[in-house]
Amino acid sequence: MAATGENESLEDLTADNLTQHVINICTRNAPDDRTKELVSGLIQHLHDYVREVRLRTGEWETGWQYLTEVGQFCTPERQEMILLSDVLGVSALVDAINSAQAQSVSATESSVLGPFHNEAHVLENGESIGSEGVIGEPMLIHGTVKATDGTAIEGVTVDVWETNGNGFYDMQDPSRDGPDCRGVFRTDSEGRFYLIGVKSVDYNIPDDGPIGVMLRHLGRNQTRPAHVHFQIKHPAYIDLTTALYSRDSKNVATDPVFGVKKSLIKDFQWSEELPAVAKGYNLESSLQRMNVQNRKGLWVLEHDFVLLRK
Ligand code: BEZ
Ligand code: FE
């Protein structure tokens, strides 16, 4: 079919026939059926929205000016577009539709990846992910990775990342040059991983750009509940991206990016003694490295992750 439209008859376009006409023009030379489906669905829903709310010209201008600002705020280090998707619940919806774990009753549920995942050093079980003198209270993070039939999985990559005790990821903080509060571990023959991190704290999602303006305008909560992120991988199992959230946080029900699921809420427990599992794992030197003075105990976060076979 001609792409130029030469010799085609011109129809008068109205609010009633415009949508179908635009869909025809946009999809008639589309390379495949999926592209057609995506493009025609987008146009249909956009036009329906404009009709339904009877979008005014000034509101349309505000809309495109806002999207322009979101795009202009993006840099290689700052993805404001993804943040827009996050706060509108689109990222959580895409995850809910596509997550293999959502189809299983026993697999650990997924949660949003967020913009702060980054390269990290491979560390030994028992080591600290916090740099020397890191801000925050020490927390033992440990557990197992198993298959749905309960078999322990050896050699699983457990990539862990979190903020420091001030609520900042290393890449948000120019005073920290290099990976901090992140590390990659491997499960042992019993499927176990164990490391020292810091007690997670609630923190604000980046709010100095257009997304912050929108959240304040709508009177929305900007604070994510305290959490630790995990990306868990093994060649024979489906990758899992998830996070564990603190039951103590007052923000679990109002997470601005809709990542919290009930099964991912955990008690971050204070322990006066190193629990039995920590004995002999060289945690003392990790705690020393964190410069913990007069330590009376430490926080403990324990979770057993369950992966789905490929
Ligand atoms: C995070 O948890 O790191 C995060 C997720 C989505 C948006 C901002 C931060
Ligand atoms: Fe986070």
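The values are calculated or read from the model by the stated rules, or taken from the named source; none is laboratory data. The structure displayed is predicted, hence computed values, not measured ones. Please note: Cβ atoms are built from the backbone with ideal geometry, for glycine as well, and neighbour counts cover all protein chains shown. With ligands, DNA and RNA removed, areas are computed over all heavy atoms of the protein, side chains included. Shrake-Rupley method; radii C 1.70, N 1.55, O 1.52, S 1.80 Å.
Scan ASP159, ASP202 and give me the residue that is in contact with a Lys or Arg (Cβ under 9 Å, 6 or more places away or on another chain) and more than 20 Å from PRO235 (Cβ to Cβ).
Details: ASP159 fails: more than 20 Å from PRO235 (Cβ to Cβ).
That would be ASP202, the only listed residue that is in contact with a Lys or Arg (Cβ under 9 Å, 6 or more places away or on another chain) and more than 20 Å from PRO235 (Cβ to Cβ).
Suppose we keep only residues that are within 19 Å of CYS181 (Cα to Cα) and open to solvent by 30 Å² or more (accessible area, probe 1.4 Å) within the range 294-310. Which one would you say is modelled with the highest pLDDT? Even if it seems obvious, please write down each step before you answer.
Keep residues of the range 294-310 that are within 19 Å of CYS181 (Cα to Cα), which gives 298-303.
Next, from what is left, pick out any that are open to solvent by 30 Å² or more (accessible area, probe 1.4 Å): 299, 302.
Details: TRP299: 91, GLU302: 95.
Per the stated criteria, the residue is GLU302.
Yes or no: the range 228-245 includes at least one residue that is within 13 Å of ligand 2 (Cβ to nearest atom), in a loop (DSSP other than H, G, I, E, B), closer than 21 Å to GLY136 by Cβ and in the same structural domain as ALA102 (by TED's automatic domain parsing). Quick ask: steps written out before the conclusion?
Here is the first cut: in the range 228-245, the ones within 13 Å of ligand 2 (Cβ to nearest atom) are 228-231, 241-245.
From what's left, in a loop (DSSP other than H, G, I, E, B): none.
No, the range 228-245 contains no residue that is within 13 Å of ligand 2 (Cβ to nearest atom), in a loop (DSSP other than H, G, I, E, B), closer than 21 Å to GLY136 by Cβ and in the same structural domain as ALA102 (by TED's automatic domain parsing).
For PHE193, state whether it is within 15 Å of ligand 2 (Cβ to nearest atom) and aromatic (Phe, Trp, Tyr). Don't jump to the end; show me each part of the working.
Working: within 15 Å of ligand 2 (Cβ to nearest atom): no; aromatic (Phe, Trp, Tyr): yes.
No: the conditions fail for PHE193.
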With criteria (1) modelled with pLDDT under 95; (2) buried (at least 19 other Cβ atoms within 10 Å of the Cβ), PRO174 comes up short on (2)
Mind telling me which of the residues ASN125, ASN164 ends up being within 16 Å of ligand 1 (Cβ to nearest atom) and either polar (S, T, N, Q) or more than 23 Å from the chain's Cα centre (by Cα) (or both)?
ASN164
Meets criteria (within 16 Å of ligand 1 (Cβ to nearest atom) and modelled with pLDDT under 95) for ASP159:
no
Quick one: what pairs do we get from the range 49-76, first residue loosely packed, with under 11 Cβ neighbours inside 10 Å, second of a type outside the set (Gly, Ala, Ser), C-beta under 8 Å, 6+ apart or different chains?
TYR49/LEU55
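The rows are residues; the columns are (1) of a type in the set (Ser, Thr, Tyr); (2) in contact with a helix residue (DSSP H, G or I) (Cβ under 9 Å, 6 or more places away or on another chain).
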position: LYS233; (1), (2): no, no
position: ILE238; (1), (2): no, yes
position: LEU244; (1), (2): no, yes
position: THR254; (1), (2): yes, no
position: PHE258; (1), (2): no, yes
position: SER263; (1), (2): yes, no
position: LYS266; (1), (2): no, no
position: GLU273; (1), (2): no, no
Within the range 232-266, track down each residue that is within 12 Å of ligand 1 (Cβ to nearest atom), open to solvent by 10 Å² or more (accessible area, probe 1.4 Å) and within 23 Å of THR151 (Cα to Cα).
THR241
If you go through the range 63-75 one residue at a time, do you hit one that is within 30 Å of LEU307 (Cβ to Cβ) and within 16 Å of ligand 1 (Cβ to nearest atom)?
no
Specify which of the listed residues (GLN222, GLN269) is open to solvent by 10 Å² or more (accessible area, probe 1.4 Å) and within 12 Å of ligand 1 (Cβ to nearest atom).
GLN222
